[in-house]
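The values are calculated or read from the model by the stated rules, or taken from the named source; none is laboratory data. This one's a predicted model, so the numbers in the text were calculated from it and none came from an experiment. Note that we place each Cβ from the backbone using ideal geometry, even for glycine, and neighbour counts take in every protein chain shown. What goes into the accessible areas is simple: the full protein's heavy atoms, side chains included, and nothing from ligands, DNA or RNA. Shrake-Rupley method; radii C 1.70, N 1.55, O 1.52, S 1.80 Å.
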Amino acid sequence: MSIESIKPAPKELEGVVIRFVGDSGDGMQLTGTQFTDTSAMFGNDVSTFPNYPAEIRAPQGSLYGVSGFQVHIGSVEVSTPGDSVDLLVAMNPAGLKTNLYALKKGHTVIVDKDAFTKKNLEKAFYETNPLEDGSLDGYHVIEVDMSTLTKEALKDVDGLDNKTITRSKNMFSLGMVYWMYHRSTEHTIDFFNKKFKSKPELIEANTKVLNAGYYYAETLELISNSYTISPAKMVPGTYRIIMGNTATAWGLLAASEKSGLELFLGSYPITPATDILHELVKHKHFGVKAFQAEDEIAGICSAIGASFAGDLAITTTSGPGLALKGEALGLAMMIELPLVVINVQRGGPSTGLPTKTEQSDLLQAMYGRNGESPVVVIAASTPADCFNYAYEAARLALEHMTPVILLTDGYIANGSAPWKIQSVADMPEIKNRKVTKFTENWHPYKRDAKTLAREWAVPGTSGFEHRVGGLEKDSVTGNVSYVPENHETMTHTRAEKIRLVQNNIPNLKVEFAQQGDLLVVGWGGTYGTLHSAVKQITEEEGFNNIGFVHFNYINPMPKNTEEIFAKFKKIIVCELNSGQFAFILKANFGKFDFQQINKVQGLPFSNDELIQKFKQLL
Amino acid sequence: MEATAVKKYTYKDFVSDQEVRWCPGCDDYVILNSMQKALPEMGVEKENVVFVSGIGCSSRFPYYMNTYGVHSIHGRAPGIATGVKLANPDLSVWIITGDGDATAIGGNHFIHVLRRNINLNIVLFNNEIYGLTKGQFSPTSVVGQKTKSSPYGNTQPPFSPGELALGANARFYARIGGNNPKAMTQIFIEAHRFKGTSLIEVLQNCVIFNDGCFTDVTDKEVKDDKQIYLEHGKPMIFGKNAEKGLVLRGLKLEVVTIGENGITEKDILVHDAKEKDPTLHQMLIRLAYPIATGIVRAFDDVTLEEREDELTKKIKAGSKYKKTDDLFFSGETYEVK
Ligand SMILES: Cc1ncc(C[n+]2csc(CCOP(=O)(O)OP(=O)(O)O)c2C)c(N)n1
Ligand code: SF4
Ligand SMILES: [Mg+2]
């Protein structure tokens, strides 16, 4: 029973940002996800970001127990979950208190008035009721007795306990928002039918409340008209909404299938990387071997062992875990085995801000090991392209016999966006360097002339029995060697091997102005915010002298890097740390002057702060 | 898989071209030779054998074996070996470690590899000292021991690797003197045959930094009187003339003399290495006189690979996902035209 009734003519919008907030138990993630999926299926571009409380079972109604879900939908390309919010749905006082800052002045907030009880107000540290004391002046407030109306809608449904009734009020708010944005309830009702297959009373209850909210919004005089966001122009194809961490896991599955190698994951849980482990453990049907180790060190060591034995081996972690893995990573580099290390960055140092985002592990990834131990470092830039860069990390590791660190971050890992589904058949080839038939004079450190990658002789292959280890080895035989000149040769060879990866990665592409006054430089998870800021400056404010280049390959960098820098008068490097990429660029391209925009608040850049700073330089 | 089809090897097939660099007289040579003698008896192809070590004198071992090998980092061999075995369960995987490597820096990995019961073997070279770093006390050094880092005597009480291992739910534990190649060779073969994690503790003499630390129990002269060599199903009898035995009195093992006070062979405990309950095995490990050697415990249990394999087969058979396409295009997808 979906709804197709008469509606007032909707107002056309290019994009809208909605934030659903409430208590952890209020089902805000589900509400947000449903709105996202429905909009995506309608054809909008979408980008989302969840915000869960750090506590697992925070006290009900408390400020730190607020759970939120932000979604940005658009009829034009949407590349971030959005900074400020056009519509806030607050299911309790704590949600309102902690999120009102994000709502644009003059815009709408929907609240569940029933939740604004004396007790809840106290828990949110409100001295007076914000719905009554004028503190919401300047906003368009829609107060709804949501709990009461939900009970009312369910009075004829049998077999529901009080808890179930209270818990379905989130569907009331979703129904209202569906009506406001001219969305069909059909997808969500289908979802109920599937999810509660064996519990018909829950299908009935949720559908009733959803529809009640929808009709309520329609008849409510407070909402004068609804809005619509037309489908975005997207490349035709089959899509799904995907979270960054899921995309990472799936990229690895794809690489495993393409390379014909079994996938091994050795990992230890750590926020915000754990969801990759959660995803990969599900896929035993593809033969995935996911091993939860006793710590990060055992995690990477098991992966090194699996790589030695011939699997496509992965270890996943976040900053503190990468620190623990350092010594073992050096071993993997030294014994030149393929290994993918994924670091989903969070706010550091130390335990830092586990649930917040930052790009401050770049130098750790580059240099955080004893001795000179170069590895390939790449970074994903959007939730969806985590798929491609996870795949790419595996490809480079296998083709060059080296550890590859893939950097993602909490922002893109937990965010979701449409992903044009990629079939493994369409993915680039992955060659591996496994040996088969023994020939005389074979040595474990015999290298390919073009890439300097050694061969991969795995146990079980007769004739190739050999030993590898962390001690320096002779450049020809691979036997332990302490000869001074040999050590220098090997040090240079290991560095050169990584540099040669340049021949196997794409060139940089500049977006917007191809030359001019200002080049905006970014890397990793800031792509969306930087891109939309440069786009706005170019398209809405008429600047045609600002270009944008984004790095996914950091060690080595693409061949045309210098050439691109030379085309602009000023270069500004933007990153969520105190200037780590800028530091690397200055060391490598000393003849250019790199200016910086840095932010270390555990938060992404906001559009406004970027635009303001770019303008100062133009 | 084993037995019939396997090539015939001699110990020479397992000797690598690398010059062995331990100090002359070090028990490590005995362990190396015993392993090279044991391997041809195991019925396993050379290319299917992997030695993984940490760091220490003992951990140089893989370089001297003409098999696959990884000389890894300090304390971490269990992690690497676990990955090797899970990636390819057909391999015969051996961890080579020292008392410092296994029980100090690698203590965490040591207990967890035992707990999981992966079918691999651990040879722990216990010399109660850090050899490679030139003589500091280790977690197995005794109180009062004078070392480079305890010139006035060690003040940190030790633990026993065997007790620690059983506390971590080890299924197989054996102990042997570093000067007893014959028994050691046999124990290596038994450990290989045992399905599950096997731990062999070798009481290894370090001639340079802790010379003679086991002589009072391992010396040829006193060995038979000071050690009891345990064999499954056999009575716990020891002594040069097989005159002594062990009985249980209350909660303690007691040494008795056969023929005295009416004790006959029938009164002596019979060793049951396969018993699930580790209580008696723990008591044997704790015993100061005689020192228990041989296979103390060999309890047959399901291995991690077996559990994993069974689960994977079951899930594979029941799954609609054969290729990643099946997964990627499943569920909530939508078309953009
Ligand atoms: C991370 C790290 N810390 C310290 C060392 C130095 N180190 C090497 S071997 C060793 C102790 C080895 O003792 P043990 O495991 O008993 O082996 P043994 O030499 O006695 O055979 C130490 C402390 C190291 N190699 N790596
Ligand atoms: S230092 Fe001790 S353990 Fe090391 S090789 Fe010499 S005798 Fe053996
Ligand atoms: Mg030692």
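General remarks:
- Computed on protein heavy atoms with a 1.4 Å probe, the accessible areas place A:His400, B:His74 in the order B:His74, A:His400, largest first.
- Burial order of peptide ranges A:547-553, B:217-223 (average beta-carbon count within 10 Å, highest first): A:547-553, B:217-223
- Sorted from longest to shortest, the spans of the Cα atoms of the protein assembly as shown along the three principal axes equal 105, 70, 58 Å.
- Loop-located GluC sites (Glu not before Pro) in the stretch B:7-86 whose Cβ has at most 14 other Cβ within 10 Å (DSSP): B:Glu19
- Under 15 Å, Cβ to Cβ, from B:Asp101 - net charge with Lys/Arg +1 and Asp/Glu -1: -3
- Contact order relative to length of the stretch A:479-618, as percent, for alpha carbon pairs under 8 angstrom and 6 or more apart: 27 percent
- Between the stretch B:226-291 and the stretch A:141-158, the Cα center-to-center distance that results, in Å: 77 Å
- For B:Asp301, A:Asp158, the ranking by accessible surface with the largest value first comes to A:Asp158, B:Asp301, using a 1.4 Å probe.
- Counting Cβ atoms of other protein chains within 10 Å of each Cβ in A:275-287 and taking the mean gives 3.
- Sequence-separation-based contact order of the stretch B:11-225, relative, with Cα cut under 8 Å and 6+ spacing, percent: 20 percent
- Take each residue of peptide B:86-94, count the partner chain Cβ atoms within 10 Å of its Cβ, and average: the result is 6.
- A 1.4 Å probe run over chain B, with the rest of the protein chains in place, finds 44 Å² accessible per residue.
- Inter-probe distance in nm under a simple model that places probes 7 Å from Cα toward Cβ, at A:Phe589 and A:Glu539: 2.6 nm
- Excluding ligands, DNA and RNA and using a 1.4 Å probe, chains B and A jointly bury around 5200 Å² of accessible surface, summed across both partners.
- Spin-label model distance (nm) - A:Tyr139 vs A:Glu55, 7 Å beyond Cα toward Cβ: 2.3 nm
- Nearest-10 value in Å² for the accessible area of A:Ser79, using the 1.4 Å probe: 30 Å²
- Charge-dipole axis of the protein assembly as shown as Lys and Arg at +1 and Asp and Glu at -1 on Cβ define it, positive-most pick from A:Ala232, A:Val501, A:Thr150: A:Val501
- When only the Cβ of Lys, Arg, Asp and Glu is charged (+1, +1, -1, -1), the dipole of chain A relative to its Cα centre reaches about 980 debye.
- FRET efficiency for the pair A:Ala425 and A:Lys509, taken as 1/(1 + (r/R0)^6) with r the Cβ-Cβ distance and R0 = 30 Å, rounds to 0.75.
- Partner chain coverage, peptide A:568-577 - average Cβ within 10 angstrom: 0
- On the principal axes of its alpha carbon atoms, the stretch A:202-338 extends 70, 33, 29 Å, with the longest extent given first.
- Solvent-accessible surface (1.4 angstrom probe) belonging to A:Tyr445, in square angstrom, nearest 10: 0 Å²
- Between B:Lys134 and A:Glu472, the distance separating the two model label sites (each 7 Å from Cα on the Cα→Cβ line) works out to 1.9 nm.
- The stretch A:511-617, accessible area per residue, ligands and nucleic acids excluded (1.4 Å, Å²): 40 Å²
- Here r is the Cβ-Cβ distance between A:Gln616 and B:Asp211 and R0 is 60 Å; the resulting FRET efficiency, rounded to 0.05, is 0.20.
- DSSP-defined beta bridges in the protein assembly as shown - what % are antiparallel, rounded to 5: 35 percent
- Extension gain (nm, one decimal) between A:Asp608 and A:Lys233, 0.36 nm per residue minus Cα-Cα: 132.5 nm
- A loss of 30 Å² or more of accessible area (1.4 Å probe, protein heavy atoms, ligands and nucleic acids excluded) relative to the isolated chain is seen in these residues of the stretch A:445-482: A:Pro459, A:Gly460, A:Ser462, A:Glu465, A:Arg467, A:Val468, A:Leu471, A:Asn479, A:Val480, A:Tyr482.
- Here the stretch A:56-94 is scanned for amide nitrogen atoms under 19 Å from the site 7 Å beyond the Cα of A:Thr117 along Cα-to-Cβ, giving A:58-67, A:90-94.
- Computed from the Cβ-Cβ distance with R0 of 22 Å, the FRET efficiency linking A:Tyr215 to B:Tyr334 stands at 0.25.
- The heavy atoms of A:Met243 offer some 50 square angstrom of accessible surface to a 1.4 angstrom probe.
- Cα centroid separation - the stretch B:62-113 against the stretch A:534-595, whole Å: 46 Å
- Computed with a 1.4 Å probe over protein heavy atoms only, the accessible surface of the stretch A:3-229 comes to 44 Å² per residue.
- At most 16 other Cβ within 10 Å, DSSP loop - GluC sites (Glu not before Pro), the stretch A:249-312: none
- Rolling a 1.4 Å probe over the protein heavy atoms of chain A, with every protein chain left in place, gives an accessible area that is 51 percent carbon and sulfur.
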